[in-house]
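Chemist: Quick one: the structure is below, questions incoming.
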Amino acid sequence: FVPTFNSELTINNTLKNIELATSGLNNLKYEVLIIDDYSAKNSFDLLKRISKNYKNVKVVRNEFNLGFCKNFIKGIDNCNNEFLMFLPAGNVINYDQIQKIISEYDKQDMLIVNYSNQIKTREISRVLISKIFSLSVNLFFLNKIEYFNGTNIYKTELLRKIKIRSNSFIFQAEIVLKMMKMTDKFKECSVELNNIKSKNTSFFYIENITK
């Protein structure tokens with residue numbers, strides 16, 4: 001599942017990495033579900049043109065902007081496969097790392113992905129706030145999860161049983177915690193990010209931090 005919003009500059013490389021990753025995995029049945037969260041028309045038109053160059057891609061456009069969390073929920077509703085893997089449209093992860101994630105899931109109900117090179121590839125402010133957030137959640141819920149908001153894989157059937165109450169960028173932490181109460185078939189996986197220091201992120205606005 002690839003949620004997008006005005007991602008025309010990065011979506012081509014994202015889809016290219018997905019295709020390279022999946023071509024190296026035998027007998028993998030998959031669909032790339034892109035849900036555009038009401039991007040500008042020229043951005044969406046370009047997205048449609050680019051997506052036609054790749055196989056197994058389905059593009060859906062929202063009639064108005066839902067925001068990241070609700071767009072993710074819509075992705076769950078539109079998933080036609082046994083497992084759902086979340087992947088940002090910003091080309092944040094290379095094909096060999098995508099391949100590693102898919103190979104690692106090993107019939108688990110959930111694969112929780114963390115990034116081993118965050119300090120080298122992300123702004124230090126984002127890394128610090130992320131570390132503080134993960135530490136706080138782990139202390140409160142008595143866990144030792146390295147990272148909650150990664151490119152995780154979830155079993156779709158279990159995802160649909162969860163009522164997601166969050167409406168901010170921390171909703172994946174809620175999903176992970178609730179999945180952990182439903183199943184003990186999960187594990188963590190560590191991969192490397194592409195360098196995204198120079199890219200803008202909408203996460204670190206005051207509004208999102210306070211939420």
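The values are calculated or read from the model by the stated rules, or taken from the named source; none is laboratory data. Just so we're clear, the structure is a prediction, and the values are computed from it rather than from any experiment. With ideal geometry, Cβ positions are generated from the backbone for all residues, glycine too; neighbour counts draw on all protein chains shown. The protein model used for the area step is the full one, side chains on, heavy atoms only, and it has no ligands, DNA or RNA in it. Shrake-Rupley method; radii C 1.70, N 1.55, O 1.52, S 1.80 Å.
Chemist: When the range 178-192 is examined, which residues are found to be of a type outside the set (Asp, Glu) and open to solvent by 30 Å² or more (accessible area, probe 1.4 Å)?
Modeler: Passing the criteria: 178, 180, 181, 182, 185, 186, 187, 190.
Chemist: Here are some conditions: (1) charged (D, E, K, R); (2) surrounded by fewer than 18 Cβ atoms within 10 Å (Cβ to Cβ); (3) in contact with a strand residue (DSSP E or B) (Cβ under 6 Å, 6 or more places away or on another chain); (4) under 24 Å from residue 196 (Cα atoms). Residue 61 meets all but one. Which one does it not meet?
Modeler: Looking at each condition in turn, residue 61 falls short on (4).
Chemist: Let me ask something else. Is there a residue in the range 57-68 that is assigned to a helix (DSSP H, G or I) and among the β-branched types (Val, Ile, Thr)? Give the steps one after another, and end with the answer.
Modeler: Residues of the range 57-68 assigned to a helix (DSSP H, G or I): 68.
With the extra rule that they be among the β-branched types (Val, Ile, Thr), the set shrinks to none.
No: the range 57-68 contains no residue that is assigned to a helix (DSSP H, G or I) and among the β-branched types (Val, Ile, Thr).
Chemist: Just wondering, is there one or more residues in the range 193-203 that are closer than 29 Å to residue 22 by Cβ, modelled with pLDDT of 90 or more and within 16 Å of the chain's Cα centre (by Cα)?
Modeler: Looking for residues that are closer than 29 Å to residue 22 by Cβ, modelled with pLDDT of 90 or more and within 16 Å of the chain's Cα centre (by Cα), one finds at least one in the range 193-203, hence yes.
Chemist: So which of 125, 130, 116 ends up being under 17 Å from the mean Cα position of the chain (by Cα) and in contact (Cβ under 8 Å) with a residue 60 or more places away in the chain?
Modeler: Values: 125 fails: under 17 Å from the mean Cα position of the chain (by Cα); 130 fails: in contact (Cβ under 8 Å) with a residue 60 or more places away in the chain.
Residue meeting the stated conditions: 116.
Chemist: Quick one: residue 74 ticks every box in (1) among the basic types (Lys, Arg); (2) more than 14 Å from the chain's Cα centre (by Cα); (3) not in a loop (DSSP other than H, G, I, E, B) bar one, so which box is it?
Modeler: Exception for residue 74: condition (2).
Chemist: Could I ask something else about it? What is the number of the single condition among (1) closer than 23 Å to residue 75 by Cα; (2) open to solvent by 20 Å² or more (accessible area, probe 1.4 Å); (3) small (Gly, Ala, Ser) that residue 116 does not meet?
Modeler: Among (1) closer than 23 Å to residue 75 by Cα; (2) open to solvent by 20 Å² or more (accessible area, probe 1.4 Å); (3) small (Gly, Ala, Ser), the lone unmet condition for residue 116 is (1).
Chemist: Out of all the residues in the range 31-39, is one or more open to solvent by 50 Å² or more (accessible area, probe 1.4 Å), under 30 Å from residue 120 (Cα atoms) and at pLDDT 95 or above?
Modeler: In the first step, residues of the range 31-39 are kept if they are open to solvent by 50 Å² or more (accessible area, probe 1.4 Å); the result is 31, 38.
In the following step, the residues that additionally are under 30 Å from residue 120 (Cα atoms) were identified as none.
Within the range 31-39 (the criterion being open to solvent by 50 Å² or more (accessible area, probe 1.4 Å), under 30 Å from residue 120 (Cα atoms) and at pLDDT 95 or above), the answer is no, since none of the residues qualifies.
Chemist: When the range 59-97 is examined, which residues are found to be of a type in the set (D, E, K, R) and more than 18 Å from residue 175 (Cα to Cα)?
Modeler: Those that are of a type in the set (D, E, K, R) and more than 18 Å from residue 175 (Cα to Cα): 61, 63, 96.
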